[in-house]
1. Restricting attention to region 1-43, which residues are modelled with pLDDT of 65 or more, of a type in the set (A, V, I, L, M) and under 14 Å from the mean Cα position of the chain (by Cα)?
2. When the residues of region 166-178 are narrowed to those that are within 20 Å of the chain's Cα centre (by Cα) and either surrounded by fewer than 16 Cβ atoms within 10 Å (Cβ to Cβ) or part of a loop (DSSP other than H, G, I, E, B) (or both), which ends up modelled with the highest pLDDT?
3. Just to confirm my filter: which helices (runs of 4 or more DSSP H) fall fully inside region 95-162 and include at least 1 residues that are open to solvent by 50 Å² or more (accessible area, probe 1.4 Å) and among the small types (Gly, Ala, Ser)?
4. Being open to solvent by 10 Å² or more (accessible area, probe 1.4 Å), among the small types (Gly, Ala, Ser) and within 23 Å of the chain's Cα centre (by Cα) is the filter here, so list the residues in region 277-311 that pass it.
5. How many residues, within region 364-393, are over 17 Å from Tyr412 (Cα atoms) and among the aliphatic types (A, V, I, L, M)?
6. Can you tell which of His301, His277 is touching a residue at least 12 places away in the same chain (Cβ under 8 Å) and in a loop (DSSP other than H, G, I, E, B)?
7. Which count do you get for residues in region 323-344 that are in a helix (DSSP H, G or I), in contact (Cβ under 8 Å) with a residue 60 or more places away in the chain and farther than 14 Å from Lys295 by Cβ?
8. Among the residues of region 263-276, count how many are open to solvent by less than 50 Å² (accessible area, probe 1.4 Å) and among the polar types (S, T, N, Q).
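The values are calculated or read from the model by the stated rules, or taken from the named source; none is laboratory data. Because the structure is predicted, anything quoted here is derived from the model rather than measured. Methodologically, a virtual Cβ is constructed for each residue, glycine included, from the backbone with ideal geometry; neighbour enumeration extends over all protein chains shown. Note: accessible area is taken over every heavy atom of the protein model, side chains too, but ligands, DNA and RNA are not part of it. Shrake-Rupley method; radii C 1.70, N 1.55, O 1.52, S 1.80 Å.
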Amino acid sequence: MTRALVAVVGRPNVGKSTLFNRLIGERLAIVEDLPGTTRDRIYGTVEWRSRDFGLVDTGGLDDGKAEMDTAVRRQVEAAIEEADIVMFVVDAKTGIVPVEHDVADRLRRSGKPTLLVANKSDGWRAEAQSAEFYELGLGEPQPVSAIQGHGTGDLLDRVVTLLPPDDDVFEGRYDARIAIVGRPNVGKSSFLNALVGSERAVVSEIPGTTRDPIDTMLVRDGAQILLVDTAGIRRRGRIDEGIEKYALLRTVHALERADVAILLVDATEGIVDQDVHVAGYALEAGVGLVVAVNKWDIVEHGEEVTATWTADLVREFHFAPWLAHHFTSAKNKRNVDATLDDAIRIVATRAGRIPTGQLHELLVESLASHPPPTSRGRPVGFHHVTQADARTPTFVFFVDRPEAVHFSYQRYLENRIRERFGFQGTPIRLQMRGARDEKD
């Protein structure tokens with residue numbers, strides 16, 4: 001089961017990033033009053049009315065020409081192709097510009113569910129401000145003010161009505177779905193070829209050769225494994241115009257379709273910021289993670305170098321101390337199979353269910369060993385814990401005052417769960433709910 005994906009498209013400076021931040025409830029995207037502001041994070045998860053979906057901010061469409069140029073067409077095509085729903089954001093104060101007619105025409109022809117969002121609609125003038133956009137032929141504009149939050153609840157209500165049923169967001173009955181991700185030219189296609197034993201993906205020394213995820217089915221010990229090779233992710237400021245610019249959108253979608261991601265890093269270059277960012281995308285998607293330090297055959301790799309690399313992995317990926325790693329060479333197949341075996345093991349780990357009785361026993365022991373801090377002089381009472389039926393291992397704690405549970409105590413509880421039950425290689429999520437919810 002995978003999440004639906006909603007792509008936010010629109011020209012620069014219409015407030016896409018502000019709306020993105022508002023909907024996901026975090027300030028992930030950097031917002032400036034300048035067209036085309038660079039953002040490190042453009043992906044998040046939204047939960048609304050017991051449904052969740054991925055949200056991708058695709059960046060600004062060029063409105064400097066009367067007709068869409070090649071790059072703009074490719075950007076829109078990529079967003080339309082990969083998303084289940086498209087959120088087309090326009091500026092209610094500025095009105096329609098020519099490029100928006102072209103985008104609207106492509107969206108209509110796509111047949112994809114599209115929401116026309118008239119941002120910067122303020123107060124009683126909202127309906128009048130957004131009325132102009134009916135001429136785009138995309139139905140009723142949804143007036144919102146991303147800055148003030150007006151209309152965003154109604155917008156999310158409309159998104160939920162368009163989400164595909166849970167049963168429809170399932171892509172084949174595979175025993176494991178594994179995405180191979182990483183920066184350009186770290187050897188992802190070679191790694192895939194080493195796994196399947198054939199030239200399934202085109203291999204080239206030119207960075208960014210693979211622009212589309214390539215699905216490959218592999219049978220291993222009787223299990224059906226779906227491998228997805230993805231386009232390399234570059235720093236946003238270095239992404240070329242055209243379809244490569246939105247290869248990131250496809251990579252995010254590949255992660256949404258996966259159970260586990262194998263993240264390749266280049267042993268000849270060391271761990272760079274973008275490697276850490278790619279791991280962040282995997283965590284946002286809630287998938288398991290294995291790091292493969294590739295090209296190990298062309299570096300000096302004595303005990304001292306190996307120890308240094310291990311320390312670097314622990315330091316740079318400190319936010320995911322549970323991840324596994326291997327030193328690999330796609331060229332001579334060193335540890336390639338071992339990495340895949342680890343990924344398959346993590347899939348099985350993620351599917352594990354802990355009996356409620358054992359979880360409750362752990363909760364009692366944890367509270368006795370380290371009681372939760374008081375909040376405003378009042379104790380925080382924990383009553384029960386259970387594991388939810390979710391794609392990512394999720395544990396629900398029923399608490400008197402969920403908002404009073406400090407993140408440090410949640411981390412303590414997560415560590416206790418891992419110590420007792422494992423979950424090596426996968427993120428786990430903790431939810432704090434009011435004690436009364438347990439009775440509902």
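1. Selection gives Ala4, Leu5, Val6, Ala7, Ile24.
2. Asp166
3. Numbers: elements: 98-110, 126-131, 152-162.
Per the criteria, 126-131.
4. Within region 277-311, just Gly280 meets the criteria.
5. Going through region 364-393 one residue at a time, the tally reaches 2.
6. Values: His277 fails: in a loop (DSSP other than H, G, I, E, B).
Result of the check over His301, His277: His301.
7. Residues in region 323-344 being in a helix (DSSP H, G or I), in contact (Cβ under 8 Å) with a residue 60 or more places away in the chain and farther than 14 Å from Lys295 by Cβ: 5 in total.
8. Number satisfying all stated conditions: 1.
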